[in-house]
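The values are calculated or read from the model by the stated rules, or taken from the named source; none is laboratory data. These numbers come from a predicted model, not from an experiment. Please note: Cβ atoms are built from the backbone with ideal geometry, for glycine as well, and neighbour counts cover all protein chains shown. Please note that ligands, DNA and RNA were not included when accessible areas were found on the heavy atoms of the full protein model with its side chains. Shrake-Rupley method; radii C 1.70, N 1.55, O 1.52, S 1.80 Å.
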Amino acid sequence: NTYFGFNNNDDFRIYAGNTLKMIADSDNVRLYYNGTEKFATTTTGAAVSDNSTGTAQASFGGLSLVNSNTTANNGSAISFAHNTASSGSHAKVGAIYKDRTGSSEDTDLFFGTLGGGSYAERMRITSTGIVGIGTDDPGEVNGVDFTAVGLHVKASTLGRTITVFFFF
């Protein structure tokens, strides 16, 4: 049985059987799973609760973005915008599902930002650990495309600073 309604505090609640699933009041919304709060809005944003007990990264819980479409090269992302959801993305962190065939799935992690009014991918970490900066297709370990910006290396040791600029 699923039922919903308001309690004496004017909180809107949803139950499945005798298990609380959601509370919405005048200030926030809280979602529950197996009687434990898992998601809550706050005055400064939102919080996801994770009570995972595993110590291996593969067993960590947390926020999951799921794209059930099995087409290669699609993905999921967290978008950051300055005003409303309709104002467009100003930065994204996401996953691109490069290969979705059975047990050989491969996923790349990407970072993108808005610069000069145009969104572009700025960095990618491939499923094999290759890092690309300024390219969405890094071909070698720590591949970096410096054609637009050059390379600035700064090292400070023993009170001395050495700055080297390379332009390509």
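Just a few scattered comments:
- Residue ranges of strands (runs of 3 or more DSSP E) in segment 1-118 with at least 2 members over 30 Å from ASP136 (Cβ atoms): 2-6, 12-16, 19-24, 29-33, 36-42
- Residue within segment 103-116 that is modelled with pLDDT under 80 and within 30 Å of THR128 (Cβ to Cβ) present: yes
- Residues located in segment 88-100, provided they are at pLDDT below 80 and open to solvent by 50 Å² or more (accessible area, probe 1.4 Å): ARG100
- Residue within segment 30-42 that is of a type in the set (A, V, I, L, M) and closer than 25 Å to PHE80 by Cα present: yes
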